[in-house]
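Peer 1: Attaching a single structure in structure tokens format; questions to follow.
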Amino acid sequence: MEISERQLEIISAAGKILTESGLSGLTTKNLAKEMGFSEAAIYRHFGSKEDIILALLQYLRSTMDERLAQICLPDTAPELKFQAIFNSQFQFFKANPHFVVAVFSDGLLEESEKVNQAIMQLMQVKMKYLMPLIMQGQQSGTFTQAITTEELVHIIMGSFRLQMFKWRIANFQFDIIRQGKNMLEALITLMKP
């Protein structure tokens with residue numbers, strides 16, 4: 001995804017506003033105030049609030065895809081890949097808490113088909129790496145076969161989402177890396193055959 005430095009600043013500021021004030025707080029007026037420039041300057045980069053949200057979701061999708069592609073090397077053990085995927089996610093969000101809103105993006109302009117499609121594409125990137133990893137782990141005996149691959153992925157993604165929600169409502173005050181590590185260890189224990 002091609003994104004200018006200024007556009008990245010705008011979507012970062014938009015993520016911060018969404019995290020603090022929700023969708024109703026994301027106005028061009030509030031965004032311009034956060035950025036320290038005029039509303040007209042925002043419209044030079046984005047045509048609408050929907051375009052800003054789409055850019056935010058597309059940026060997150062492309063950065064996650066790049067990070068996870070580097071982690072999921074074919075010769076790495078499934079358990080190590082699993083830990084690496086989520087450690088990468090926790091580290092990214094610790095460095096960029098203003099993007100946590102994307103984890104809770106359902107309801108974000110839900111009347112917008114484009115936004116709904118972007119949310120689906122974001123979820124599909126994570127599933128693109130998790131599904132084969134879990135399947136590989138099940139075939140090698142590392143992970144249980146008592147639960148289908150798809151259901152394990154749903155449990156894992158739901159656990160991640162809950163962990164991020166707890167961090168967000170705690171106003172990002174606890175160590176997400178440490179808590180994330182605890183969550184991963186619990187999930188791995190549950191997934192063992």
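Peer 1: Can you compute 3J(HN,Hα) from phi for each residue in the stretch 147-153, using the Karplus curve 6.51 cos²θ - 1.76 cosθ + 1.60 with θ = phi - 60°, rounded to whole Hz and x for Gly and Pro?
Peer 2: 3J(HN,Hα) across the stretch 147-153, in whole Hz: 10, 5, 4, 4, 5, 4, 4.
Peer 1: For Thr76 and Glu113, what does the FRET efficiency come to when R0 = 35 Å and r is the distance between their Cβ atoms, rounded to the nearest 0.05?
Peer 2: 0.40
Peer 1: Kindly express, to the nearest 10 degrees and within the range 0 to 90, the angle between helix 49-71's C-alpha long axis and the longest C-alpha principal axis of the chain.
Peer 2: The angle comes out at about 30 degrees.
Peer 1: Under a Cβ-Cβ cut-off of 12 Å, what is the net charge of the residues other than Ser88 that fall near it, where Lys and Arg count +1 and Asp and Glu count -1?
Peer 2: Every neighbour counted, the sum reads +2.
Peer 1: Return one number: the angle in degrees, 0 to 90 and rounded to the nearest 10, between the long axis of the Cα atoms of helix 5-25 and the longest principal axis of the Cα atoms of the chain.
Peer 2: 90 degrees
Peer 1: Which order, highest average first, do 126-137, 163-174 follow once you tally other Cβ atoms within 10 Å for each residue and take the mean per peptide?
Peer 2: 126-137, 163-174
Peer 1: Then there's this: Considering amide H positions built from the backbone, and no H for Pro or chain starts, which residues 5 or more places from Thr144, or on another chain, come under 5 Å of its amide H?
Peer 2: Lys192
Peer 1: Quick check on the stretch 106-183: take the gyration tensor over C-alpha atoms, sort the square-rooted eigenvalues as a ≥ b ≥ c, and tell me if it's rounded (a/c under 1.5), prolate or oblate. Show your work: numbers first, answer last.
Peer 2: Working: a/c = 2.80, a/b = 1.22, b/c = 2.29.
Here the stretch 106-183 falls in the oblate category.
Peer 1: Now, a different point. If you add up the charges near Glu9, with Lys and Arg at +1 and Asp and Glu at -1, over every other residue whose beta carbon is less than 12 angstrom from its beta carbon, what do you get?
Peer 2: 0
Peer 1: How much net charge surrounds Thr142 when only the other residues with a Cβ under 11 Å from the Cβ of Thr142 are counted, with Lys and Arg +1 and Asp and Glu -1?
Peer 2: Local charge sum for Thr142: +1.
Peer 1: Let me ask something additional. With a 10 Å radius around each residue's Cβ, average the other Cβ atoms per peptide and rank 58-68, 145-155, highest first.
Peer 2: Ranking the peptides 58-68, 145-155 by packing returns 58-68, 145-155.
Peer 1: Right, another one. Which order do Asp51, Asp75 take when ranked by solvent-accessible area (1.4 Å probe, heavy atoms of all protein chains), largest first?
Peer 2: Putting Asp51, Asp75 in descending order of accessible area: Asp75, Asp51.
Peer 1: Ile188 to Asn96: FRET efficiency via 1/(1 + (r/R0)^6), r the Cβ-Cβ distance, R0 25 Å, to the nearest 0.05?
Peer 2: On the way: r = 26 Å, r/R0 = 1.02.
So, using R0 = 25 Å, E works out to roughly 0.45.
Peer 1: As a quick test, which of the pairs Lys94/Lys181; Lys94/Lys166; Lys126/Lys192 have an alpha carbon distance above 19 angstrom in this structure?
Peer 2: Values: Lys94/Lys181 13 Å; Lys94/Lys166 13 Å; Lys126/Lys192 21 Å.
Pairs exceeding 19 Å: Lys126/Lys192.
Peer 1: Hey, another quick one. What do you get for the angle between helix 176-191 and the principal long axis of the chain? Use alpha-carbon atoms, 0 to 90 degrees, nearest ten.
Peer 2: 40 degrees
The values are calculated or read from the model by the stated rules, or taken from the named source; none is laboratory data. Keep in mind that this is a model prediction, so the values were computed, not measured. Counting neighbours? That spans all protein chains shown, and the Cβs are built from the backbone with ideal geometry, glycine included. Each accessible area value is taken on the protein alone, full model and side chains, heavy atoms only, with ligands, DNA and RNA left out. Shrake-Rupley method; radii C 1.70, N 1.55, O 1.52, S 1.80 Å.
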